[in-house]
1. Taking a cut-off of 20 Å between Cα atoms, list the aspartates and glutamates near Lys149, but don't count ones fewer than 8 places away on the same chain.
2. With a ≥ b ≥ c the root eigenvalues of the C-alpha gyration tensor of the stretch 54-151, is it rounded (a/c under 1.5), prolate (a/b larger than b/c) or oblate?
3. Which of the pairs Lys96/Lys156; Lys54/Lys133; Lys128/Lys156; Lys54/Lys88; Lys54/Lys111; Lys88/Lys133 have their Cα atoms more than 25 Å apart in this structure?
4. Could you give each residue of the stretch 95-111 its phi-based ³J(HN,Hα) in whole Hz, using Karplus coefficients 6.51, -1.76, 1.60 with θ = phi - 60°, and x for Gly or Pro?
5. Each residue of the stretch 150-155 in order: what ³J(HN,Hα) in whole Hz does its phi give by Karplus 6.51 cos²θ - 1.76 cosθ + 1.60, θ = phi - 60°, with x for Gly and Pro?
Amino acid sequence: MKKLYFFTVLTVMLVAATGAMAQKKTKFKSGELRGIWQLCHYVSESQDAAGYLKPSNTFKVLSDNGRIVNFTIIPGWDAIITGYGTWKQLTDDSYKESIERNIHLPMLDNKDNILEFEIKDNDYLHLKFFIQKDLNGNELNTWYNETWKRVVMPDKFPENIVR
């Protein structure tokens, strides 16, 4: 009887402790990833100069509801969605993109991709991510680095914009 009582108490304690531990959430510093980001490229007129950041026509939308959409504007023609899925911040400096479909990098379709990030001055998002294989299954084992600039709303509509 004492053994039964002991094992019953032990089981209850284990279940209670496991349940309490499972309810603890991971604590991390939330990065301000949400927003609209514009991909930038470093451009230089000389091979000896470091260059400057030039915005491209590709955008990333990280929405409040955990959805992600990447799109590209084709000047004078149209805009196309190049990829979509969901996203979730995992740590102080990483987040996961669960890509449902990506026409630019189709090897990411229906896969999770962990991206390391750093936000500078609340305006620049530096991303680093790894792609193991290309679409044909060939080993790439390559790290990619991207710089994105936050898209903001100015105080007033610029006068020099052609609509």
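1. Cross-link targets: Glu32, Asp64, Asp92, Asp93, Glu97, Glu116, Glu118, Asp121, Asp123.
2. Values: a/c = 1.42, a/b = 1.06, b/c = 1.33.
Rounded, since a/c falls under 1.5.
3. Values: Lys96/Lys156 35 Å; Lys54/Lys133 29 Å; Lys128/Lys156 34 Å; Lys54/Lys88 28 Å; Lys54/Lys111 30 Å; Lys88/Lys133 23 Å.
Long pairs (Cα-Cα over 25 Å): Lys96/Lys156; Lys54/Lys133; Lys128/Lys156; Lys54/Lys88; Lys54/Lys111.
4. 9, 10, 9, 9, 7, 8, 8, 9, 7, 7, 10, x, 5, 8, 3, 6, 10
5. Residue by residue, the stretch 150-155 yields 5, 8, 10, 9, x, 5 Hz.
Only the coordinates and a few stated rules stand behind these numbers; no lab work does. Everything quoted here is computed from the prediction, not taken from an experiment.
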